[in-house]
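Remarks on the structure that follows.
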Amino acid sequence: MIIMSKNKNSEEIYRKACEVLTGGVSRNIVYRKPFPHYADIASGCHITDIDGTERIDFANNMAALIHGHAHPAIIKAVTEQLQKGTAYTLASEIEVAFARLLCKRVKGFERIRFVNSGTEAVMTMIKASRAYTGRPKIAKAEGTYHGTYDFAEVSQTSKPSNWGDINNPNSVPLVYGTPTGVLDNVVVFPFNDIERTIAILDKHAGQIACVMIDPVPHRVGLIPGTNEFIEALYSWTRKNGALLVFDEVVTFRVNYGGAQENYTVSPDITALGKIIGGGFPVGAVAGRSDIMKVLDPREANLKFPHSGTFSANPVTMTAGYAAMDLFDRDAVLKLNTLTNKAVCQIREVIKLADVPVSVTGAGSMFRLHLTPTPPTTYREAYQSEETISVVNELLNFLFFNEKILMVNTFSCMFSTVLTQKEVDKLSEAMLRAFNALKPKIEKLHE
Ligand SMILES: Cc1ncc(COP(=O)(O)O)c(C=O)c1O
């Protein structure tokens with residue numbers, strides 16, 4: 001049923017890759033059984049692999065490419081910058097211009113500092129929270145992905161055998177050998193569950209530096225945090241001398257001012273990444289100036305000395321400026337409207353195929369679940385091995401038969417270069433995929 005073409009070039013490169021790269025890859029996300037596919041060229045919403053197959057890209061480098069591939073305005077700006085050097089042991093004017101552009105965009109961004117990845121942004125945000133409050137612990141939601149910093153990784157992949165009582169979820173290590181000191185300093189709570197979360201936080205009051213939230217956490221199920229939940233966390237942090245910090249590495253695309261624009265309260269600091277790099281590696285921390293002062297080298301008592309060889313390099317800053325300048329209010333609205341249209345069409349397709357599938361999401365992102373109603377919690381969204389295997393078959397059907405690239409959680413992260421034409425192709429392909437795998441999807445619910 002799944003038409004696997006030969007892909008000889010990719011197979012051959014992977015053989016060579018395994019001789020030098022562990023597992024043959026540099027990031028697990030690109031691995032695909034029996035071998036990954038290698039990109040040759042990408043432009044707009046299309047990506048062609050080295051075996052000559054062109055696909056429509058709905059993954060956009062895991063939500064990072066807000067304008068798709070090789071956008072002409074970004075390429076032009078970066079090409080000009082490349083002639084002038086790529087990184088200096090001097091500051092650059094473009095980092096100031098870009099900082100001003102981002103700070104103008106969001107009310108709560110009084111000061112900003114650039115780093116090189118979302119992981120580094122989250123790490124810097126957590127360390128700044130500790131430095132500001134003088135407290136050791138952080139609190140995070142079960143199942144959330146926040147990059148690869150030790151503390152941020154805790155309970156990222158909690159599962160039924162180790163997640164423990166929902167009233168007091170375990171702090172589960174991701175990596176073998178994680179020190180218990182790390183686990184002891186991460187408080188885990190259930191996303192969107194006010195009563196349980198406040199009870200859990202109360203037990204650690206006085207020790208928590210920050211409560212960290214991804215407002216639409218992808219791995220939890222791409223379920224938006226409710227306004228009540230965010231407000232409850234906000235008032236808990238006000239009462240207990242802790243900070244409310246947002247990881248908007250993915251969700252900054254949700255609205256002009258990030259997902260935080262959708263809430264009545266604002267975070268104290270925010271971690272950014274992905275889209276603000278215009279296709280290049282990036283991260284940033286932005287927020288209240290009194291907190292950001294912990295990083296200020298002019299302070300006599302500098303609490304958080306911080307550097308990074310490639311931080312704010314002019315290539316990333318130039319690309320980021322061009323990308324975010326293009327992603328203005330109109331562009332955000334247009335993109336979110338198209339994504340919403342896609343979700344409506346896919347819901348129609350689900351009805352037509354009569355399969356137990358549901359959709360969650362926000363802004364320009366959505367995720368499909370093999371459940372008749374959308375999950376509302378991480379534990380509900382959690383997928384068994386059997387479910388994952390059917391999801392992978394659906395993704396393979398779309399990848400090989402339909403020439404469609406999606407995120408491996410069965411999600412789409414749209415870009416501004418997609419049009420109604422690609423949305424129609426997606427929903428038609430989805431219908432064929434559901435029809436082909438309907439018995440397997442239904443079997444999950446027997
Ligand atoms: C919510 C969230 N935070 C942080 C990160 C880490 O970003 P990076 O991969 O740039 O280190 C990711 C990456 O996917 C993410 O999804």
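The values are calculated or read from the model by the stated rules, or taken from the named source; none is laboratory data. Keep in mind it's a predicted model, so treat the numbers as computed, not measured. Note that we place each Cβ from the backbone using ideal geometry, even for glycine, and neighbour counts take in every protein chain shown. Areas reflect the complete protein model, heavy atoms only, side chains present, ligands, DNA and RNA absent. Shrake-Rupley method; radii C 1.70, N 1.55, O 1.52, S 1.80 Å.
Observations on the model:
- Flag if Gly308 is of a type in the set (Gly, Ala, Ser) and more than 23 Å from Leu90 (Cα to Cα): no
- The lone exception for Phe114 - which of (1) within 16 Å of the ligand (Cβ to nearest atom); (2) free of Cβ contacts under 8 Å to residues at least 40 places away in the same chain; (3) farther than 30 Å from Gly177 by Cα it fails: (2)
- Residue in region 54-64 that is within 16 Å of the ligand (Cβ to nearest atom), modelled with pLDDT under 95 and either within 30 Å of Lys334 (Cα to Cα) or more than 25 Å from the chain's Cα centre (by Cα) (or both) present: no
- Among the residues of region 208-224, just one is assigned to a strand (DSSP E or B), within 15 Å of Tyr145 (Cα to Cα) and away from the ligand (no atom under 11 Å from the Cβ), namely Val211.
- Meets criteria (at pLDDT 95 or above, surrounded by fewer than 16 Cβ atoms within 10 Å (Cβ to Cβ) and in contact with a helix residue (DSSP H, G or I) (Cβ under 6 Å, 6 or more places away or on another chain)) for Asn392: no
- Residue list for region 149-205, restricted to those being over 21 Å from the mean Cα position of the chain (by Cα), farther than 20 Å from Lys127 by Cβ and among the charged types (D, E, K, R): Asp165, Asp193, Glu195, Arg196, Asp202, Lys203
- Pair list, Cβ < 7 Å and 6+ apart or interchain, from region 205-219 residues that are without any contact (Cβ under 8 Å) to a residue 60 or more places away in the chain and open to solvent by 10 Å² or more (accessible area, probe 1.4 Å) to residues that are assigned to a loop (DSSP other than H, G, I, E, B) and away from the ligand (no atom under 15 Å from the Cβ): Ala205/Asn240
- Matching residues in region 279-289 - criterion: being crowded, with 24+ Cβ neighbours inside 10 Å and either among the β-branched types (Val, Ile, Thr) or farther than 14 Å from Ala99 by Cα (or both): Gly279, Val282, Val285
- Of all residues in region 225-261 being within 14 Å of the ligand (Cβ to nearest atom) and either among the hydroxyl-bearing types (Ser, Thr, Tyr) or in a loop (DSSP other than H, G, I, E, B) (or both), the one that is surrounded by the fewest Cβ atoms within 10 Å (Cβ to Cβ): Gly225
- Filter pass, Arg329 being at pLDDT 95 or above, under 22 Å from Glu380 (Cβ atoms) and open to solvent by 30 Å² or more (accessible area, probe 1.4 Å): no
- You will find that of Val182, Val188, Val175, the residue that is in contact with a strand residue (DSSP E or B) (Cβ under 8 Å, 6 or more places away or on another chain), aliphatic (A, V, I, L, M) and either free of Cβ contacts under 8 Å to residues at least 60 places away in the same chain or within 16 Å of the ligand (Cβ to nearest atom) (or both) is Val188 and no other.
- Identity of the residue in region 17-52, within 21 Å of Glu393 (Cα to Cα), among the charged types (D, E, K, R) and part of a loop (DSSP other than H, G, I, E, B), that ends up nearest to the ligand (Cβ to nearest atom): Arg32
- Selection within region 6-52: residues that are open to solvent by less than 60 Å² (accessible area, probe 1.4 Å) and polar (S, T, N, Q). The member of this set that is farthest from the chain's Cα centre (by Cα) is Asn7.
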